[in-house]
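The values are calculated or read from the model by the stated rules, or taken from the named source; none is laboratory data. Owing to the predicted nature of the structure, the values given are computational and were not obtained by experimental measurement. Backbone-built Cβ (ideal geometry, glycine too); neighbour counts: all protein chains shown. Calculation scope for accessible area: heavy atoms of the full protein, side chains included, ligands and nucleic acids excluded. Shrake-Rupley method; radii C 1.70, N 1.55, O 1.52, S 1.80 Å.
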Amino acid sequence: MAKYKLPRTVEIQHAALREIDFYRRTERAKIVHEAARTLHRHRAELFVVDDINSRQGKLSGVLHGRRRAFTIKDMDVATRRIAVIEGDRGLEPMALFVGRGGSMLSAQRWHQIFEDAHVRALRISKEQKLETVVPRAFKIHDLRHTFAIFMLRLLTELVAEQEAELRRLGGHTAYLADHISRSPQLTVQRLLGHRQATSTMRYLRYIRKTNLLVARAIADWNAQDTTYADYAARLTQGRAA
């Protein structure tokens, strides 16, 4: 569910999509198969979706014996957790990431998974005597901050390169409208879904340079066929993260 339910364009790296597809065809398929009987027993308690309107972003089906329709962005978490579709192998949850019972993962379970991954990262860092420092206290929301800082820095460097190239070729500097449309701060504000520019401004203290374009950054990541973690590691070479 997007922050404040605002429409959002999401950029996902090819490497991440491949990992998600692998999970979908292996681990998720196994969980869904094992949960089929449980979902069938609880059918009357589930929202069985039989019509999906992707263009309008709407779902309709049967919930508690009644015909119901929902706009996806307005569905509450409880309804999302019980939304299922019926396929050749029986009922299947509509959520991408699911738990053993076939339901969408709860916020508590997400935090548990993240904490387990954090503990493993600390252990591996210690065992391998890595220079990278993994903080002792780490929250899921910290990843959002990390993305914002790296994106702001990268966009800033790209815009600076573009303007330097324009001056080298003897062209005029960008007009005010160009600066506004390419502003790294405004771009990151849109990506993060901040309503107020002041919310994005606090990230500026983490960078020393200023200005750039998202499409170029995403293209650069995909051209290298590396994960965002690999890219971030390359940017922080020689420094502890």
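The table for this structure:
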| item | result |
| --- | --- |
| Electrostatic dipole magnitude of region 35-114 [Cβ: Lys, Arg +1; Asp, Glu -1; Cα centre; debye, to 20] | 140 |
| Sites Asn53 and Ala137, calculated FRET efficiency, Cβ-Cβ separation with R0 35 Å, nearest 0.05 | 0.20 |
| Sequence of Leu152, Leu191 when ordered by accessible area, the most exposed leading, probe 1.4 angstrom | Leu191, Leu152 |
| Candidate aspartates and glutamates - alpha carbon under 19 Å from Lys58, same-chain residues fewer than 8 apart omitted | Asp50, Asp74, Asp76, Glu86, Glu92 |
| For Thr198, solvent-accessible area (1.4 Å; no DNA, RNA or ligand), Å² | 100 |
| Heavy-atom accessible area ranking, 1.4 Å probe, most first, across Met201, Met151, Met104 | Met201, Met104, Met151 |
| Rg/Rh (Cα only; Kirkwood hydrodynamic radius) as it applies to region 67-143 | 1.16 |
| Per-residue SASA entry for Arg80, accessible area with 1.4 Å probe, Å² rounded to 10 | 50 |
| Average projection area in nm² (convex hull over Cα atoms of region 27-76, one quarter of hull surface) | 4.4 |
| For Ser54, solvent-accessible area (1.4 Å; no DNA, RNA or ligand), Å² | 100 |
| Calculated log₁₀ intensity ratio I(q)/I(0) where the Debye formula runs over C-alpha points of region 1-157, q = 0.12, 0.14, 0.15, 0.16 Å⁻¹ | -0.72, -0.93, -1.03, -1.12 |
